[in-house]
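The numbers here are math on the coordinates, done by the rules we state, and not lab data. Remember, it's a predicted structure, so these values are computed and weren't measured experimentally. Glycine gets a Cβ as well: all are built from the backbone with ideal geometry, and neighbour counts include every protein chain shown.
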Ligand SMILES: Cc1cc2nc3c(=O)[nH]c(=O)nc-3n(C[C@H](O)[C@H](O)[C@H](O)COP(=O)(O)OP(=O)(O)OC[C@H]3O[C@@H](n4cnc5c(N)ncnc54)[C@H](O)[C@@H]3O)c2cc1C
C-alpha cells in the first residue's frame, strides 16, 4: 500500500515553476498554490497583471491534491439549515454559487484543454437510516422548489440500479460532477503559468509587512513586494497569519483507494458510477476513479493531523466502514491510503473578502473542490476593480473564543457526533 494521494501519484508533476531567488515587485502576490490561489493567479495574469504565486511546498500539495474528487453542487449544510442560518436570499445565492462553480470548472477545463476526466456524474446523498430519508426528503422538497430543479428523490427501490448496498433512499443532484484532482491542479498551474503568472514552489511566506501602500513579503527564497495580496492557504494556514488561524479549524479527513475493480465488482457495488455521500455525521464519501478504483473517504477519527501514522490509523477505520457498506469488497486489496486537512469554520460556511489589507477565500468546510476555483476567480476580478460577485460578501466572521489555531476540542466534538450517530 502506498501512503500517498492517488491523485498525486497518477498525475503529471507541474514543471513550470520559476527557479532562482525571489525578488521584484508584482501587482499581486497569491499565497498558496491550491485551487483558490492558482485560479486567482490565472485570472489576474489573463487580465495582464504581473502576479506571483508563493507556495510553501508544491502546487496542489494541500487539500487540492488530497481530496475525494467530488464536485458537488451543495454545501456542508443542507439547504433548509442554510436557509435557517443565513436567510432565504443568501442561502439561495450560496447554492447558486456552488452550481456556478461546477460550470466555471467545466468551462475552464474546456478553455485550457485540461485532461482531467471531468464528468457530470450526479451526486447521491444516501440515507443511512430510515429517519435520515425523511430529513433528506424534506430538504429535497424545499431545494427542488426554490433552487435546483435538477434534483430527484430516489426510494430504496430506485437505488437498486445505483448502488449495491441497502441504503434507505437518496437525493440525486444531477448537476454534480467528478474529476481527477491531480490532473486538474497540474493543468490549472500550467495554464496560469502560460498566461504569465510566476509560480514559486518551496517558497513559504514567513512574514508580511505593509509599511505603506505596498506589501513586503518575506519567503524562504527571498523577498518580493506587491500591491495586492490574496491569502489562499486554507487548512494549511501558518501561525504568522494569526487572524485566519483563529477562525479556521483544520480537521483531518482520510481516504483509501482499492485496486482497480472488475466489471463484476463494479456492477455489484457502484453500477450508477456517481459521487456518493452518506448521511451520518461521521459519514463516508466515495466514487470510482478513472481507472476503476473505489476511492473511499471519511473523517474516520476527529484528528488534527494527517501524517503517515495518523493516515494509517484512519485507513483501518475506513477499511471497516467500506466493508460495512460493501461486504462484497471486504477483502479487496487497498492500494492507497492518505489524508489531508479540511478548512472548517465554526458555522461551516466559507468566507471570502478583504481584511486588514489582504484578500482571502477559505473555510470551505469540506466542500471547496469546486467553490475554490470559482471564488479565486471572483476575488481576482474584485482586485482588478471588476464587478464584485462575492457571494460571501458582508458575512461576519468572528474569531472562535478560546481558540488560537490548535483544535484541542476535536476529540470531544468527535465523541459528540459519535453519540449523535448512535441515537439519531
Ligand atoms: C481528504 C479531503 C477530502 C476532501 N474531499 C472533498 C471533495 O470530495 N469535494 C470537495 O468539494 N471538497 C473536498 N475537500 C476540500 C477541498 O479539497 C478544499 O476545500 C480545496 O482544495 C481548498 O483549496 P485551497 O486552494 O483553498 O487550499 P489548499 O489546496 O489546501 O492550498 C493551500 C496551500 O497553501 C499553502 N500554504 C499554507 N501556508 C503557506 C505560507 N505561509 N506560504 C506559502 N504557502 C502556504 C499550502 O502549502 C497549500 O498548498 C477535501 C479535503 C480533504 C483534505
Distance from region 113-137 to region 295-315 (C-alpha centre basis), Å:
22
Ordering 365-373, 284-292 by per-residue average of other C-beta atoms within 10 angstrom, highest first, gives 365-373, 284-292
Counting pairs of alpha carbon atoms under 8 Å apart in space and at least six apart in sequence, what relative contact order in percent does the chain give?
24
Inter-centroid distance (Cα atoms) of region 344-359 relative to region 167-241, Å:
15
How long is the gain from residue 309 to residue 2 if the chain were fully straight, where each residue apart is worth 0.36 nm and the alpha carbon distance is subtracted?
109.3 nm
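Could the peptides 180-189, 215-224, 74-83 be put in order, highest first, of the mean number of other beta-carbon atoms found within 10 Å of their residues?
Put in order of decreasing packing, that is 180-189, 74-83, 215-224.
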If you average 1/r over every pair of different alpha-carbon atoms in region 68-227 and take one over that average, what Kirkwood value in Å do you get?
18.8
With the convex hull built on the Cα atoms of region 6-383, state its orientation-averaged projected area in nm².
17.6
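Rounded to a whole number, what is D in µm²/s for region 337-424 from Stokes-Einstein with the Kirkwood radius over alpha-carbon pairs (20 °C, 1.002 mPa s)?
Translational diffusion coefficient: 140 µm²/s.
If you take the beta carbon distance between residue 238 and residue 158 as r and set R0 to 45 Å, what does 1/(1 + (r/R0)^6) give as a FRET efficiency, to the nearest 0.05?
According to the calculation, E is roughly 0.45.
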With 0.36 nm assigned to each residue of separation and the Cα-Cα distance removed, residue 399 to residue 422 gains 5.2 nm
Rounded to the nearest 500 deg cm²/dmol, what is the calculated helix-only ellipticity per residue at 222 nm for the chain, with -39500 (n - 2.57) per DSSP H run of length n ≥ 4?
-10000 deg cm²/dmol
Please work out how much length the chain gains when fully extended from residue 131 to residue 412, using 0.36 nm per residue of separation minus the C-alpha to C-alpha distance, in nm with one decimal.
98.6 nm
Under a point spin-label approximation (7 Å from Cα along Cα-to-Cβ), what is the residue 262-residue 346 distance to one decimal in nm?
5.4
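Need one word for region 255-351: rounded, prolate or oblate. Basis is the Cα gyration tensor (sqrt eigenvalues a ≥ b ≥ c); a/c below 1.5 gives rounded, then a/b vs b/c decides.
It comes out prolate by the Cα gyration axes.
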Would you please put 247-253, 92-98 in order of how densely packed they are, using the mean number of other Cβ atoms within 10 angstrom per residue and starting with the highest?
247-253, 92-98
Across 363, 339, 242, the residue with the highest GNM fluctuation in the chain (Cα network, 10 Å cutoff) is 242
Do you know the relative contact order of region 15-146, to the nearest whole percent, from alpha carbon pairs under 8 angstrom that are 6+ apart?
18
For region 67-117, what class follows from the C-alpha gyration tensor (a ≥ b ≥ c being the square roots of its eigenvalues): rounded when a/c is under 1.5, otherwise prolate if a/b is larger than b/c, else oblate?
oblate
Which FRET efficiency, nearest 0.05, do residue 119 and residue 84 yield, Cβ-Cβ r, R0 35 Å?
0.60
